[in-house]
Every structure is written in C-alpha cells, then in structure tokens.
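Student: Sending over a structure as structure tokens; questions will come in a sec.
No value in this document is a laboratory result; all are computed from the given coordinates. As the structure is a prediction and not an experimental result, all values here were calculated from the model. Because the Cβ atoms are built from the backbone with ideal geometry, glycine has one as well, and the counts that use them run over all protein chains shown.
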Amino acid sequence: MTVAELRAVLAAHPDAKMHWMLPDKSFVPEHYHITEVGRVHKDFIDCGGTIRSSSTCLLQIWVANDTDHRLHTTTLATIMEVAKPVLQSDELPVEVEYEEGAISQYPVGGVEVTPAGLLFYLGTKHTACLAPEKCGVDGKGCC
C-alpha cells in the first residue's frame, strides 16, 4: 500500500475504527497509538557493488496501558496531512513498526472494509541477495 492509497481509504471511511492484523493472524491491541509518521530513506551498496536506495513511509504503532484509547481514521488522516512535508511523496510504500518482544517492520499489504471498520493486513519482509549474477548464488553460497 502506498501513502496515496492509505490517504484515499482513510478519506473514504471517516471515523471508522482501524484494526491491524499481524502476519501470524493476531491483532495489534485496539488501544494502540500511532506515535510517529516518518520517511525512512536508506542508501546502501549490495554485495555485487551496486549502490541502491529505498524510501518508505513508516508508521510507528505503540501500545500503552490506557486501554480506553482508540484511534479512528479521521485522526490518522489528519496526522498524515501534517506529515506531508516530511514524507515528500504519496508514492512511498507504507510500513508499520511495531514492538511485540522485538521491534519489527511490516509492509502494509492491503486493507479490507469490514463491519467492524478497516482491517489492515500486515505482511512480512525478507532478506535477499540483490546481485545473484555477481554473487554466484546458485546454491553454493553468497559473497
């Protein structure tokens, strides 16, 4: 999901509840806070020597002990509007940072409109060799 897609679904469903499903089918507790909206940019060199970069919109989800707290779409839409100068692009992929034992980042894979509100599906990220042709990845190892 991109920032533009997130903005559109939030605008189309004002004041809806939001639910976040982790890859293991469990849910972020409904009294979560979104404590940061940021643009994360990474410049790196892969194992084949190619310089690369990537940018994402990162929503940090934090759960406190204030169990009466609820964040609705209208509030997140306002936060996303305030974040426009920081994000710089509506084409950034959206990821969620969430801590449950360890801090993890999940790409937002999609959203479904349900009777209970919006259900956001969080996916998984994986490591990979980005230069298999230079690295000799053919079952013999990498780098």
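Student: What about HIS41, is it within 26 Å of LYS125 (Cβ to Cβ) and within 18 Å of the chain's Cα centre (by Cα)?
Tutor: Taking the combined requirement at face value, the residue satisfies it.
Student: Sticking with this one: So VAL86 ticks every box in (1) within 18 Å of the chain's Cα centre (by Cα); (2) over 17 Å from ALA11 (Cα atoms); (3) loosely packed, with under 14 Cβ neighbours inside 10 Å; (4) free of Cβ contacts under 8 Å to residues at least 24 places away in the same chain but one. Which box is left unticked?
Tutor: Only one criterion is unmet by VAL86, namely (4).
Student: Here's another thing I want to ask about it. Considering only residues that are aliphatic (A, V, I, L, M) and touching a residue at least 12 places away in the same chain (Cβ under 8 Å), look in region 106-129 and name the one that is nearest to PRO93 (Cα to Cα).
Tutor: VAL108
Student: Which one of these is of a type in the set (Val, Ile, Thr) and either under 22 Å from ASP15 (Cα atoms) or outside any strand (DSSP E or B) (or both): VAL94, VAL40?
Tutor: Details: VAL40 fails: either under 22 Å from ASP15 (Cα atoms) or outside any strand (DSSP E or B) (or both).
Within the list VAL94, VAL40, the selection yields VAL94.
Student: Evaluate region 35-58: report whether one residue or more is within 22 Å of ALA116 (Cβ to Cβ) and of a type outside the set (D, E, K, R). Show your work before the answer.
Tutor: First, pick out the residues of region 35-58 that are within 22 Å of ALA116 (Cβ to Cβ): none.
No, because not a single residue in region 35-58 is within 22 Å of ALA116 (Cβ to Cβ) and of a type outside the set (D, E, K, R).
Student: Okay, next question. Condition first: of a type outside the set (Lys, Arg), surrounded by 16 or more Cβ atoms within 10 Å (Cβ to Cβ) and in contact with a helix residue (DSSP H, G or I) (Cβ under 9 Å, 6 or more places away or on another chain). Now tell me which residues in region 32-45 satisfy that. Explain how you work it out, then say what you get.
Tutor: Looking only at region 32-45, we keep the residues that are of a type outside the set (Lys, Arg), and these are 32-38, 40-41, 43-45.
If we keep only those that are surrounded by 16 or more Cβ atoms within 10 Å (Cβ to Cβ) as well, we get 32, 34, 37.
Correct list: ILE34, VAL37.
Student: Quick check, is PRO29 under 14 Å from the mean Cα position of the chain (by Cα) and in a loop (DSSP other than H, G, I, E, B)?
Tutor: On the way: under 14 Å from the mean Cα position of the chain (by Cα): no; in a loop (DSSP other than H, G, I, E, B): yes.
Considered against the rule, which asks whether it is under 14 Å from the mean Cα position of the chain (by Cα) and in a loop (DSSP other than H, G, I, E, B), PRO29 comes out as no.
Student: Regarding GLY49, is this residue assigned to a loop (DSSP other than H, G, I, E, B), out of contact with any strand residue (DSSP E or B) (no Cβ under 7 Å at 6 or more places or on another chain) and within 30 Å of VAL137 (Cα to Cα)?
Tutor: Yes; evaluated as a whole, the condition is true for this residue.
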